[in-house]
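Worksheet: one structure, shown below.
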Amino acid sequence: MSDRLLEVRNLTMQFGGVTALSEVNLHVSKGEIAALIGPNGAGKTTVFNVTTGYYTPSSGEVLLNNESIIGLKPHKIARKGLARTFQNVRLFGDMTTLENVMTGADSRNKVGLIGSMFGTAQSRRDEESSHLKAAELLNFMGISHRGGQLARNLPYGDQRRLEIARALALEPKVLLLDEPAAGFNPQEKVELGELIKKLRDAGFAVLLIEHDMSLVMKISDRVSVLDFGQKIAEGTPSEVQNNQRVIDAYLGVADHAS
Amino acid sequence: MSTSKISIPKFNLRDKFGDWWEGTTRNQRIIFRVLLIAFFYILPFLDNPVFGTTESDFSSVLFYPMGMYVLMAIGLNIVVGKSGILDLGYVAFFAIGAYTHAILGLSFGFNFWINVVLGMAFAMFAGVLLGLPALRLRGDYLAIITLGFGEIVRIVAINVNFTGGAAGLAGIPAPPSIFGVEFLVDDPRPYYWLVLTLTLLVIWAYMRLIKRRPGRAWEAIREDEDVAEFMGIATTKYKLWAFVLGGAIGGGAGAVYASQVTSIVPELFDLNVSIMILACVVFGGMGNLWGVAFGAALLGYFPEKLRFLSDTRILFFGLLMVVMMNIRPDGIIPRKKREKVYDKNTGKEVSR
């Protein structure tokens, strides 16, 4: 048994003739922040979509807590402990902030539709715990004053915070964050970095896609670099920063022929 | 929010009522509810030239189309308004309920009360059969499949023997008397009270569902089905539940309808019924129960009220709808939810 909570082995994803991911290996352990970086179109979000079950990979394995999750529906995978946020914020706009978080919390509950209709003891307990957990998470993310507002009316930064709160409500083991700092100002980025470190210290395994290199280099324990669907480097932030292939991928290779 | 070309003064029925409602005490709310329900029960006696319909029997209008439309629109609202599943074949469930009572009542002498339950059960079963494959689709494709389902049920009813074919079935038994109320052919009032009672039961169950986990799951699915799935919501299961519950209500409505009209033909269950009920939902305000109920009642009422215009009444009815959808494109009482106030520590809703 390894302490690798999420492990991706030889993952290949083809869409028709296009190979989006080719033999990618990744892993995240408990209490670790792993970052996934790479130029636009490198396949970072595809990694998230495959691991969360939205796509079925062409070949390869995805292990969550040492258990294969290939072929499971996304909601089953989510309940097994994998939660994610989205590159472009995707909230339930017409629901209140608290209700957004409650949808995640509900997935941990047992009550079904019939139980809800008749208001069984189980249903009352579950409702109470969903409300309570959602309120706690809003407090944790510092947006409890937004609880009753519709998610669509929140300022952008709070929408991003709400997405993280909603993901945490699933009580995940692994947290996939897709560009959480996009659109943040420097101060907000610092706060976000602190928050992600706090989550790591609380025992979550965090897999982070991020374009802000200073944030990535500051908080990550390990960085993997994707380019054209292939992993071209992996290591500590400083190792990756000095890797020639990574520099070439980001800056392009100088043309010596002329 | 809505953008309308015709500018109208700010008139927000929903928020005005909402503010007033939140300021009331528990006892005031109970009194309000009791008075409102009592009002609807005595409505058949309030037939007068201003309020009632002059050209047609008011109690009869209250039963059909008004009562029927309201009950069915509330059922379809769970599917279309709450969960965002566009169902254009809702009439199928109505037909299944109606034929269940007609066939079991005529051929086997089953009691109406058993048949209502069986009609709902058969409609639910049909909902599962259709829903399991169809609910994998979304949007236009789902709409087309449900449209086809509605037509299939009607065409099957024309072409098989046990439904009486195109000639339909006649002499469908009325419900046996209950609490001393006799169901007679020439008196639609008991049927109206029956539909009203069913509607109130449905509203009771609906309100409990939407305030709790299923309501949140349905709304999440309507807002973004993929994200709902990522948040651990079993979207297929909840979509199927919405579809099946909506179907059950349609089936119950069908059984009641058949018992009142005493004879049914397949042509009663054509696409127009689905479109009409969908129009009720959209007109009233998709996803808002009170809007949908109010809208359905209006759409049932106006064609009868306008009967003095004889042949041009449908023209005026159409005009009314066009004007209405221009002024209030989101429906009479739109869905957009009011903001709430929660206790910061327990997350419980508190009234302000």
| Conditions: (1) at pLDDT 95 or above; (2) open to solvent by 10 Å² or more (accessible area, probe 1.4 Å). A:F184 meets all but one. Number of the miss? | (1)
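Determine whether A:L36 is free of Cβ contacts under 8 Å to residues at least 12 places away in the same chain and either touching a strand residue (DSSP E or B) at 6+ places or on another chain (Cβ under 8 Å) or within 14 Å of chain B (Cβ to nearest Cβ) (or both).
Against the criterion (free of Cβ contacts under 8 Å to residues at least 12 places away in the same chain and either touching a strand residue (DSSP E or B) at 6+ places or on another chain (Cβ under 8 Å) or within 14 Å of chain B (Cβ to nearest Cβ) (or both)), A:L36 does not qualify.
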| field | Complete set of residues in the stretch B:32-82 that are polar (S, T, N, Q), more than 25 Å from B:I249 (Cα to Cα) and assigned to a helix (DSSP H, G or I) | value | none
| field | Among residues of the stretch A:112-129, those that are in contact with a helix residue (DSSP H, G or I) (Cβ under 9 Å, 6 or more places away or on another chain) and facing chain B (nearest Cβ under 10 Å), counted | value | 11
| said: What's the number of the only condition in (1) facing chain B (nearest Cβ under 8 Å); (2) touching a residue at least 40 places away in the same chain (Cβ under 8 Å) that A:L132 fails to meet? | reply: (2)
| task | Check B:G171 against each of (1) in a loop (DSSP other than H, G, I, E, B); (2) on the phi < 0 side of the Ramachandran plot and name the one condition it does not meet. | result | (2)
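Yes/no matrix, rows are residues, columns are (1) within 14 Å of chain A (Cβ to nearest Cβ); (2) touching a residue at least 40 places away in the same chain (Cβ under 8 Å):
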residue	(1), (2)
B:G291	no, yes
B:F294	no, no
B:L299	no, yes
B:I327	no, yes
B:I333	no, yes
B:T346	yes, no
| message | Against the conditions (1) aromatic (F, W, Y); (2) in contact with a Leu (Cβ under 9 Å, 6 or more places away or on another chain); (3) in a helix (DSSP H, G or I), where does B:F110 fall short? Just the number, please. | response | (3)
| Pick from B:A279, B:A253, B:A234: which is closer than 17 Å to B:M68 by Cβ and without any contact (Cβ under 8 Å) to a residue 60 or more places away in the chain? | B:A279
| remark: Subset of the stretch A:98-135, residues within 18 Å of A:G148 (Cα to Cα) and β-branched (V, I, T), comes to A:V101, A:T103
| Is the stretch A:183-202 home to any residue that is in contact (Cβ under 8 Å) with a residue 24 or more places away in the chain, part of a helix (DSSP H, G or I) and within 19 Å of B:A220 (Cβ to Cβ)? | no
| request: Go through the residues of the stretch B:225-237 one by one and say whether even a single one is over 18 Å from B:I74 (Cα atoms), surrounded by 18 or more Cβ atoms within 10 Å (Cβ to Cβ), among the charged types (D, E, K, R) and in contact with a Phe, Trp or Tyr (Cβ under 9 Å, 6 or more places away or on another chain). | output: yes
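Filter the stretch A:81-129 down to the residues that are within 17 Å of A:L176 (Cβ to Cβ) and touching a His at 6+ places or on another chain (Cβ under 9 Å) and list them by number.
Within the stretch A:81-129, just A:S107 meets the criteria.
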| message | For the stretch A:149-168, check the following and say yes or no: at least one residue is touching a strand residue (DSSP E or B) at 6+ places or on another chain (Cβ under 7 Å), within 11 Å of chain B (Cβ to nearest Cβ) and open to solvent by 10 Å² or more (accessible area, probe 1.4 Å). | response | yes
| said: Being open to solvent by 40 Å² or more (accessible area, probe 1.4 Å) and within 19 Å of A:R84 (Cα to Cα) is the filter here; which residues of the stretch A:190-203 pass it? | reply: A:E194, A:K197, A:K198, A:R200, A:D201, A:A202
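For (1) within 14 Å of chain A (Cβ to nearest Cβ); (2) on the phi > 0 side of the Ramachandran plot; (3) in a loop (DSSP other than H, G, I, E, B), each residue gets a yes or a no:
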site: B:F183; (1), (2), (3): no, no, yes
site: B:L194; (1), (2), (3): no, no, no
site: B:M207; (1), (2), (3): yes, no, no
site: B:I210; (1), (2), (3): yes, no, no
site: B:T236; (1), (2), (3): yes, no, no
site: B:G247; (1), (2), (3): no, no, no
site: B:N272; (1), (2), (3): no, no, no
site: B:I277; (1), (2), (3): no, no, no
| query | Any idea which of (1) at pLDDT 95 or above; (2) over 21 Å from A:L72 (Cβ atoms) is the one A:V50 doesn't satisfy? | reply | (2)
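The values are calculated or read from the model by the stated rules, or taken from the named source; none is laboratory data. Only a predicted model underlies this, so the values are computations on that prediction, with no experimental measurement involved. Note: ideal-geometry Cβ built from the backbone for every residue, glycine included; neighbour counts use all protein chains shown. For accessibility, only protein heavy atoms count, side chains too; no ligands or nucleic acids. Shrake-Rupley method; radii C 1.70, N 1.55, O 1.52, S 1.80 Å.
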